[in-house]
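> Let me give you the structure first, and then I'll get to my questions.
The values are calculated or read from the model by the stated rules, or taken from the named source; none is laboratory data. Keep in mind the model is a prediction, meaning the values are calculated, not measured. Every residue, glycine among them, receives a Cβ derived from its backbone with ideal geometry; neighbour counts consider all protein chains shown. These area figures cover heavy atoms from the full protein model, side chains too; ligands, DNA and RNA do not enter into them. Shrake-Rupley method; radii C 1.70, N 1.55, O 1.52, S 1.80 Å.
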Amino acid sequence: MQRLFLVRHGPTHAKGMIGWTDLPADLSDTGALERLDKYLPDQARVVSSDLIRTVDTANAIMSARTRLPHNPALREFNFGDWENRGFKDVSTEAPDHVRAFYEQPGDIAPPNGESWNALCARASGAVDTLLQSCTSDLIVVCHFGVVLSQLQRASGLESYQTFAQRIDNLSVTEAIIEAGRWRPGAINHRP
């Protein structure tokens, strides 16, 4: 049995669709970071995407855990032309397109960006490789979309239901993998 702990990075306080924009996380809530560190298994390996908000969050909860190299395949959605823009702004230009992206997650992508299915394939491939390379529990410090992609694998929810889940900053969502079968553990847990 392996446990996968998906930790969403600290807040950025940005007001837009922030995917591949490299913004720092606000890690001033040291109490939340300490509780998160204590909650996570001591012997787990830690990996993050290569974006600074996840790298810094992972560093803040490292303790004596083994750190794996940053993995760009664990990045958030690539929002393409919508990157770093507000929902209202994008909705004014392309109301049907942006609504379909959020309400019918699947193959619909922002212009020059990626779809839900593309994010799921990218993140799942990275997570599978990481799980195969270590036999211990794995902590993945990542982004909202990546957390949801793995939650969908564990829960079997439809894309729309998965997309509607709340995943707070500095929360943990768990998946338990046993004999190749995935099941969810805690979801959006704030220790």
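> Using the Karplus curve 6.51 cos²θ - 1.76 cosθ + 1.60 with θ = phi - 60°, what ³J(HN,Hα) values do you get for each residue of the stretch 143-156, in whole Hz, with x for Gly and Pro?
The phi angles translate into 10, 3, x, 5, 4, 4, 4, 7, 4, 4, 4, 6, 9, x Hz.
> Further, regarding this structure: Convert 25 °C to kelvin, take the viscosity as 0.890 mPa s, use the Kirkwood radius over C-alpha pairs of the chain as Rh, and evaluate the Stokes-Einstein diffusion coefficient in µm²/s, rounded to a whole number. Mind dumping the intermediate values first?
Numbers: Rh = 16.7 Å.
The estimated diffusion coefficient comes to 147 µm²/s.
> Hey, got the dipole for the stretch 51-191? About the Cα centre, +1 on K and R Cβ, -1 on D and E Cβ, debye to the nearest 20? Working shown, then result.
Values: 13 positive and 16 negative charges, 98 e Å.
Computed charge dipole of the stretch 51-191: roughly 460 debye.
> Then there's this: Whole number in Å², please: accessible area per residue of the chain, 1.4 Å probe, ligands, DNA and RNA not counted. Present the calculation step by step, with values, prior to reporting the outcome.
Working: 8870 Å² over 191 residues.
Per-residue value: 46 Å².
> When only C-alpha pairs under 8 Å and at least 6 residues apart count, what is the relative contact order of the chain, in percent?
32 percent
> What number comes out for the charge environment of E114, summing +1 per Lys or Arg and -1 per Asp or Glu over other residues with Cβ under 13 Å away? Before the final figure, lay out the partial values.
Numbers: positive: R75, R122; negative: E76, D81, E83, D107.
Local net charge: -2.
> With equal scatterers on the alpha carbons only and no solvent term, can you work out the Debye log10 of I(q)/I(0) for the stretch 37-120 at 0.13, 0.14 1/Å?
-0.57, -0.63
> If you don't mind, there's one more thing I want to ask. Under a point-charge model restricted to the Cβ atoms of Lys and Arg (+1) and Asp and Glu (-1), what is the dipole moment magnitude of the stretch 15-74 relative to its Cα centre, in debye to the nearest 20?
Working: 7 positive and 8 negative charges, 32 e Å.
Approximately 160 debye in magnitude.
> So, taking all protein chains as they sit and a 1.4 Å probe, how much accessible area belongs to Y160, in Å² rounded to tens?
It works out to around 130 Å².
> Using 0.36 nm times the number of residues separating Q104 and A186, minus their current alpha carbon distance, what extension gain do you get?
Details: separation 82, 0.36 × 82 = 29.52 nm, distance 2.56 nm.
Additional length available on full extension: 27.0 nm.
> Related question: Where does the charge balance sit around A186 when Lys and Arg score +1, Asp and Glu -1, over other residues with C-beta under 14 Å from its C-beta?
Values: positive: R3, R8, R35, R166, R183, R190; negative: D137, D168, E174.
Residues close to A186 contribute a combined charge of +3.
> Quote the charge dipole size of the stretch 66-133 about the Cα centre in Debye, to the nearest 20; the model charges only the Cβ of Lys and Arg (+1) and of Asp and Glu (-1).
Value, rounded to 20: 320 debye.
> Another question, if that's okay. So, with a 1.4 angstrom probe, what is the percent of accessible area on the stretch 60-191 that is carbon and sulfur?
Details: 3000 of 6140 Å².
After summing per-atom areas, the C and S share lands at 49 percent.
> Taking θ = phi - 60°, what integer Hz values does the Karplus form 6.51 cos²θ - 1.76 cosθ + 1.60 yield along the stretch 80-95, in sequence order, with x for Gly and Pro?
x, 5, 8, 4, 6, 10, x, 4, 5, 4, 5, 4, 5, 7, 9, x
> Here's something else I'd like to know. Kindly write out, for the stretch 61-67 in residue order, the coupling ³J(HN,Hα) from the Karplus curve 6.51 cos²θ - 1.76 cosθ + 1.60 (θ = phi - 60°), rounded to whole Hz, with x marking Gly and Pro.
Along the stretch 61-67, the couplings run 10, 5, 6, 9, 5, 7, 9 Hz.
> On each of the three principal axes of the Cα atoms of the stretch 41-84, give max minus min coordinate, whole Å, ordered largest first.
So the extents along the principal axes, rounded to whole Å, are 40, 17, 15.
> Ok, one more. Quick check: with the 1.4 Å probe, what order do R183, R85 take by accessible area, largest first? Don't skip to the end; give the middle numbers.
Values: R183 115, R85 50 Å².
Of R183, R85, the descending order of accessible area is R183, R85.
> Please give the calculated 222 nm ellipticity per residue for the chain, where each DSSP H segment of at least 4 residues contributes -39500 (n - 2.57) and the sum is spread over every residue; nearest 500 deg cm²/dmol?
Details: 7 runs with 70 residues, N = 191.
Rounded to the nearest 500, the figure is -11000 deg cm²/dmol.
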